[in-house]
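Below: one structure, written as structure tokens.
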Amino acid sequence: MTSETGNGKSAVLGLQHLLAMYAGAVAVPLLIGTGLGFNEAQMTYLISIDIFMCGVATLLQLTVNKFFGIGLPVVLGCAIQAVAPLILIGQTQGVGTVYGSIIAAGIFVVLISGFFSKVEKLFPPIVTGTVITTIGLTLITVAITKMGGGDAANKTFGDPTNLLLAFVTILLILAIQVFGRGFVRSIAVLVGLVGGTVLAALLGQVDLAAIGHAPMFHVPQPFYFGTPKFEPFSILLMIIISIVSMVESTGVYFALGDIVGKQVKEDDLKRGYRAEGLAVILGGLFNTFPYTGFSQNVGLVQLSGIKTRRPIYFSAIFLIILGLFPKVGALAQIIPEPVLGGGMLVMFGMVAVQGMKMLSKVNYNDEKNLLIIAISIGFGLGFNAMPTLFSKLPETVQMFTGNGIVMSSLSAIILNLLFHGYKRETKIENGAA
């Protein structure tokens, strides 16, 4: 892929990619940090270092050598499907175990990269679609809680002001999607969050203290939240999530390959998986989260018509620079809970829709497929909504049964193997297998 743009235009396009992924990138540390009860200083560090590591992870994927790097114009960001499992691990096993499981999962990804093309047969559209749909539907409850104010036990939960902010945010996102064009449409969520926050400021609902308290500059610090701890069941949980991320990234790679006119071969995939594994390891070492290819940036590559990696290099550099200035990260903390909830409802709903799009490739004339989807989504949503169903079982078992994403993944994989064996679906058009 040769250069088609000068540095000035590439820099503008790189900024566009940054803006398109920014809301999704900061949503993960905001959700996990809130779920684990981090204080203001910890949240500022978490968001800033996450922005920094998104840039580092993207550079790893852009760089091509014999060991890692797929060399496509791909942007890496935090995997949204890791939110619920990491909060669960942190609440039950501690923050050290969160990062120990991330490091171990990253090592696992690097080790299996060479033969994942064979293992990938375990993840046909019926499995990946079911899992992604469950992830989106599971996280929607988190968004609804935030729309009400963030704490259902609080007396102000569901206050009309909270509802106003949440629904105005959603309406702004919808308006941008309906009436916006090109680049503006690609940052609809970001516009909604900014607009909702401005309205909240006019209503006196914004606290700027986090920006004032944040330092001007900092240096990334390994093991900021303490020494990592390695707990077997937590590691297994994160390995499952990492495999799901690898399957998602495979779709991103093939989509980008098609756009830029490059055939993605097995060696390309191996290097791409290894780069993601290295990014996940670094995420654990510097106390951020797992990274995966961001699908929202694929559309920008197509819209811009620029098929080189140069704009993405600029985007990665911008992310690294922003991550060194905590006041930028602190900006995300001033977004009120209801505004964040409105944006998340749209984002998580889109995750579920993406899963449904994957499931559209499935042959629904086969009743076995209906059973796989029905049972797996039923397990995923049901067990997540009522984890006390397994309260009499050992705590280590409850870590799995109480997590809808894991139960959906395991049941979909096992049922698909049971009904269809170790093979991919072939002819899927017009409902014909």
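Please treat every number below as a calculation from the coordinates, not as lab data. As the structure is a computational prediction, the values presented were derived from the model and not from experiment. No Cβ is skipped: glycine too gets one built from the backbone with ideal geometry, and neighbour counts run over all protein chains shown.
Listed by chain and number, the lysines whose alpha-carbon sits under 30 Å from that of LYS262, ignoring those within fewer than 8 places in the same chain, are LYS9, LYS66, LYS118, LYS121, LYS270, LYS307, LYS357, LYS361, LYS423, LYS427.
Straight-distance candidates among the lysines for linking to LYS155, with alpha-carbon spacing under 29 Å and chain neighbours fewer than 8 residues away dropped: LYS146.
Think of each Lys and Arg Cβ as +1 and each Asp and Glu Cβ as -1; about the Cα centre, that makes the dipole of segment 21-171 roughly 380 debye. Summing charges over all other residues whose Cβ lies under 12 Å from the Cβ of HIS17, with Lys and Arg as +1 and Asp and Glu as -1, gives +2. FRET efficiency for the LEU208 to LYS368 pair, using the beta carbon distance and R₀ = 41 Å, is estimated at 0.15. Under a Gaussian network description of the chain, with springs only between Cα atoms under 10 Å, the residue in PHE325, PHE254, PHE314 that fluctuates furthest is PHE254. If R0 is 30 Å, the Cβ-Cβ spacing of LYS265 and LYS357 corresponds to a FRET efficiency of close to 0.75. Would you compute, from DSSP H runs of 4+ residues alone, the mean residue ellipticity of the chain at 222 nm, taking -39500 (n - 2.57) per run and dividing by the full residue count, rounded to the nearest 500? Mean residue ellipticity at 222 nm (helix-derived): -22500 deg cm²/dmol.
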